[in-house]
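Scroll down for the structure; my scribbles are underneath it.
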Amino acid sequence: MKLLKGQPVSEKIQADIKAEIASWPQKGLALPHLSVILVGKDPASEVYVGHKARMCEALGFSSEVIRLDEKISQNELLAKIDDLNKNSKVDGILVQLPLPKHIHERTALEKIAPGKDVDCLTKTNIGSMVVGDAIVKPCTPAGIVEILKYYDIKIAGKKVAVIGRSQIVGTPLVHLLTQENATVTLFHSKSENLMQEIKTFDIVCVAIGKSEYFKQADFKQGAIVIDVGIHRAEGHKLTGDVVKAVENDTWLSAQSPVPGGVGVTTIAMLMQNTLQACKARRQS
Ligand code: NAP
């Protein structure tokens, strides 16, 4: 079985970004700037925000993490987002999820100016993605498509299952894969006969948020499995939604590992989106 590692995919995306911005300093153009808002002290969010800041630094982007108290009111958060919307130095705004329960997530996300919504979570940007003319694409689903392309996995014409219909992964992934000419079926917790059904798919993308729920033999022999899940168990061991991929497994033809698979490309796609948002804003 081939391990679909995210690192080489991420390195390629980063190399393309670096090549594109290499001449900007000589031209007197500021490199892209990403502002990340982190409300509260969720440990997993701290880790993700740290990864994002480090990749910005590696690319020469400027970035800032705006840490806000867990008890901040919704109006104060909206005002902070609005300040960033108006700040001409800011190209991308990311509100790290989850937000504390007293803040209405959709209201906060909709406050982000679509031109700076580098996570592609505003209704405007989701709509653009669905009609196929998006400047930015949802990071995790777009990263999955990049992984499949990088490893020369044919998507067009293939039967692809997406398991999980969240707004950040499963639902947008259906659109991006359909735009790549896959025949896509979306499964969720109410789907009947899921375990029988998934045995008929060439490619299966799993994003259900349940640690090691599926094992390799649950899929069709020779299938390609993309594992989106990330679970931090006691002792900091990370697991996916599928039992860990091992290279000498002979049942599947390929599987993305956790850690080191989809998560790595997600952050690279965020950088790509920040660059695209920056260019689009300067052209407007
Ligand atoms: P989510 O919002 O919790 O949604 C889970 C989805 O899975 C729901 O649609 C749910 O169905 C479905 N589901 C749950 N149990 C199921 C089952 N037994 N059979 C079929 N469908 C089932 O999840 P998410 O935000 O998409 O995240 C999924 C996983 O991916 C999590 O582990 C998360 O940490 C990880 N993740 C990773 C990245 C990355 O960059 N690698 C990014 C985002 C998320 P219903 O809609 O019917 O409830």
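The values are calculated or read from the model by the stated rules, or taken from the named source; none is laboratory data. Please read all numbers here as calculations on a predicted model, not as lab measurements. Cβ coordinates were reconstructed from backbone atoms using ideal geometry, including for glycine residues, and neighbour counts include every protein chain displayed. When the accessible area is computed, the model is the full protein with side chains, heavy atoms only, and any ligands, DNA or RNA have been set aside. Shrake-Rupley method; radii C 1.70, N 1.55, O 1.52, S 1.80 Å.
Where the accessible area of the chain is counted over protein heavy atoms with a 1.4 Å probe, how much of it, in %, is carbon and sulfur?
Here carbon and sulfur together make up 52 percent of the probe-accessible area.
What percent antiparallel are the DSSP beta bridges of the chain, to the nearest 5?
About 5 percent, rounded to the nearest 5.
Assign unit charges at the C-beta atoms only (+1 for Lys and Arg, -1 for Asp and Glu), then state the dipole size of region 196-253 relative to its Cα centre in Debye, rounded to the nearest 20.
100
Can you give the helix-only mean residue ellipticity at 222 nm for the chain, where every DSSP H stretch with n ≥ 4 adds -39500 (n - 2.57) and the sum goes over all residues, rounded to the nearest 500 deg cm²/dmol?
Details: 9 runs with 110 residues, N = 284.
Estimated from H runs of four or more residues: -12000 deg cm²/dmol.
So if I place +1 on the C-beta of Lys and Arg and -1 on the C-beta of Asp and Glu, and nothing else carries charge, what would the dipole magnitude of the chain be about its Cα centre? I want it in debye, nearest 20.
On the way: 35 positive and 31 negative charges, 57 e Å.
With only Lys, Arg, Asp and Glu charged at Cβ, the dipole is about 280 debye.
Could you check which residue among A254, A233, A161 shows the biggest mean-square fluctuation in a GNM of the chain with a 10 Å Cα cutoff?
A233
For region 27-114, what is the relative contact order in percent, using Cα pairs closer than 8 Å and at least 6 residues apart in sequence?
Values: 111 pairs, mean separation 35.4, N = 88.
Across region 27-114, relative contact order equals 40 percent.
Could you tell me how many degrees, from 0 to 90 and to the nearest 10, lie between the Cα long axis of helix 170-179 and the main elongation axis, the longest principal axis, of the Cα atoms of the chain?
Around 80 degrees separate the two axes.
Explain nothing, just the number: dipole magnitude of region 139-264 about its Cα centre with +1 on each Lys and Arg Cβ and -1 on each Asp and Glu Cβ, in debye rounded to the nearest 20. Before the final figure, lay out the partial values.
Numbers: 13 positive and 13 negative charges, 34 e Å.
It comes to approximately 160 debye.
What spacing in nm lies between the two simple spin-label points modelled at D83 and A30, each 7 Å away from Cα in the Cβ direction?
Distance between label points: 1.6 nm.
Would you please name the trypsin sites (Lys or Arg not before Pro) within region 47-83 that are DSSP coil residues with at most 16 other C-beta atoms within 10 Å of their C-beta?
When the trypsin sites (Lys or Arg not before Pro) of region 47-83 are filtered for loop state and at most 16 Cβ neighbours within 10 Å, K71 remain.
Of K101/K123; K12/K149; K154/K210; K27/K279, which sit over 18 Å apart, Cα to Cα? Could the numbers behind the result be given before it?
Details: K101/K123 21 Å; K12/K149 12 Å; K154/K210 28 Å; K27/K279 14 Å.
With Cα atoms farther than 18 Å apart: K101/K123; K154/K210.
Would you please classify the overall shape of region 27-132 from the alpha carbon gyration tensor, given that a ≥ b ≥ c denote the square roots of the eigenvalues, rounded means a/c under 1.5, and beyond that prolate means a/b larger than b/c while oblate covers the rest?
Numbers: a/c = 1.56, a/b = 1.16, b/c = 1.34.
Oblate, because a/c is 1.5 or more while a/b does not exceed b/c.
In nm, to one decimal, how far is the modelled label at S191 from the one at E212, with both set 7 Å along Cα→Cβ?
Taking the simple label geometry, S191 and E212 are separated by 2.3 nm.
May I ask which residue of H188, T274, T200 lies farthest towards the positive end of the charge dipole of the chain, with charges of +1 (Lys, Arg) and -1 (Asp, Glu) on Cβ and the Cα centre as origin?
T274
Using only alpha carbon pairs under 8 Å that are at least six residues apart, calculate the relative contact order of region 36-192 and give it in whole percent.
RCO, region 36-192: 16 percent.
Report the full-extension gain for the segment K18 to L97: residue separation times 0.36 nm, less the Cα-Cα distance, to one decimal in nm. The partial results should precede the final answer.
Values: separation 79, 0.36 × 79 = 28.44 nm, distance 2.78 nm.
The K18-L97 span can extend by a further 25.7 nm.
Enumerate the calculated ³J(HN,Hα) couplings along region 112-122 in order (Karplus 6.51 cos²θ - 1.76 cosθ + 1.60, θ = phi - 60°), each rounded to whole Hz, writing x wherever the residue is Gly or Pro.
For region 112-122, the Karplus-derived couplings read 5, 4, x, x, 10, 7, 7, 8, 6, 10, 6 Hz, x marking Gly and Pro.
Given V243, A156, Q179, which one lies farthest toward the positive end of the charge dipole of region 139-264, if we put +1 on the Cβ of every Lys and Arg and -1 on the Cβ of every Asp and Glu?
Working it through, the farthest residue towards the positive pole turns out to be Q179.
What are the residues whose amide H is under 5 Å from the amide H of S63, where those residues sit 5 or more places off or on another chain and H is modelled from the backbone?
L34
Relative contact order of the chain: what whole-number percent is it, with Cα pairs under 8 angstrom and at least 6 residues apart?
23
Using r as the Cβ-Cβ distance of K244 and E57, and R0 as 25 Å, what FRET efficiency do you calculate, to the nearest 0.05?
The computed FRET efficiency comes out at 0.25.
Tell me, what ³J(HN,Hα) does each residue in region 65-71 have, in order and in whole Hz, if you take phi through Karplus 6.51 cos²θ - 1.76 cosθ + 1.60 with θ = phi - 60° and put x for Gly and Pro?
Taking θ as phi minus 60°, the curve returns 10, 9, 8, 10, 4, 4, 8 Hz for region 65-71.
Counting only heavy atoms of the protein chains, get the accessible area per residue of the chain (1.4 Å probe) and round it to a whole Å² value.
On the way: 13680 Å² over 284 residues.
Value returned for the chain: 48 Å² of accessible area per residue.
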